[in-house]
Amino acid sequence: MKRLFLIIILIACTTGATLFAQLGIRAGINLANEIKSFSNEDISAGFSTENLTGYHIGLVYQAMPQKSGLGGDLGILLSQKGYTYNDSLSIANAVLQGYKEINYLEVPFNLRYRLKLAFLGLYGYGGLYTGYALNGKKVDETQNSTEEIGFQNFMNRLDFGYNLGVGVEFFRKIQLGTTWSQGLKKIESTNSGTTEPEGINRVFSVNLTYLF
């Protein structure tokens, strides 16, 4: 990922263009969920998930030639993912409600295109991300209990997928954007005694970036 980013910078330099690079701080809100794969209709009817409101915060590095709108960005973010749930399968004649929350250290890499309009800029981007789960928990709000999520190995902690986003930029300093992230790896549950199926992370986020 970093190698591809350096290749883009090298191409920009060899074409004689002046590179415009900025480091910035990004923060925003995640609406996260896990898309589940159910083996039968009974499980699908008994276990359902909805969006979990979380956050992301970290640093981004953006670079593009002065005379071109095409460039790239690389980031390192702390990103919270998971879901809220209703579960009528774990205990007979009872419905459990709660949420699952996992904190990831995430590295996104995107190719981006910027269209300049006076002091405004419109941009769109697409690319890949990889994430590493630092910690997590599953909270049962019905029984008022919390269970730490275990990770058996490195692959169990790993997440990766792709990003798509658009936004508006002011004075090449402030960016307000939205991002759609779709995971490509199934997230394995290691909670004991659960009937929860595996899922894939899906996140819609709104973010604010300040560039130095």
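Here the condition is being under 12 Å from the mean Cα position of the chain (by Cα) and either farther than 16 Å from residue 26 by Cβ or of a type in the set (A, V, I, L, M) (or both); of 122, 105, it holds for 105 alone.
Scanning segment 197-212 for residues that are over 15 Å from residue 27 (Cα atoms) and outside any loop (DSSP other than H, G, I, E, B) yields 199, 200, 201, 202. Here segment 1-36 is the region considered, the condition is being touching a Ser or Thr at 6+ places or on another chain (Cβ under 9 Å) and among the polar types (S, T, N, Q), and the residue that is modelled with the highest pLDDT is 30. Residue count for segment 125-146 under the criterion of being under 19 Å from residue 182 (Cβ atoms) and surrounded by 16 or more Cβ atoms within 10 Å (Cβ to Cβ): the result is 7. In segment 170-191, of all residues being more than 19 Å from residue 109 (Cα to Cα) and part of a strand (DSSP E or B), the one that is modelled with the lowest pLDDT corresponds to 187.
Of everything in segment 59-73 that is touching a strand residue (DSSP E or B) at 6+ places or on another chain (Cβ under 8 Å) and not in a strand (DSSP E or B), the residue that is surrounded by the most Cβ atoms within 10 Å (Cβ to Cβ) is 69.
With respect to the conditions (1) touching a Gly at 6+ places or on another chain (Cβ under 7 Å); (2) over 24 Å from residue 59 (Cβ atoms), residue 161 falls short on a single one, namely (2). Of all residues in segment 149-177, those that are farther than 24 Å from residue 72 by Cα and of a type in the set (A, V, I, L, M) have Cβ atoms under 7 Å from Cβ atoms of residues that are surrounded by fewer than 17 Cβ atoms within 10 Å (Cβ to Cβ) and modelled with pLDDT under 95, 6 or more apart or on another chain, in 149/137; 149/190; 149/191. Scanning segment 147-177 for residues that are loosely packed, with under 12 Cβ neighbours inside 10 Å and in contact with a Lys or Arg (Cβ under 7 Å, 6 or more places away or on another chain) gives a single hit, 148.
The values are calculated or read from the model by the stated rules, or taken from the named source; none is laboratory data. These numbers come from a predicted model, not from an experiment. Don't worry about glycine lacking a Cβ; one is built from the backbone with ideal geometry, like all the others, and counts go over all protein chains shown.
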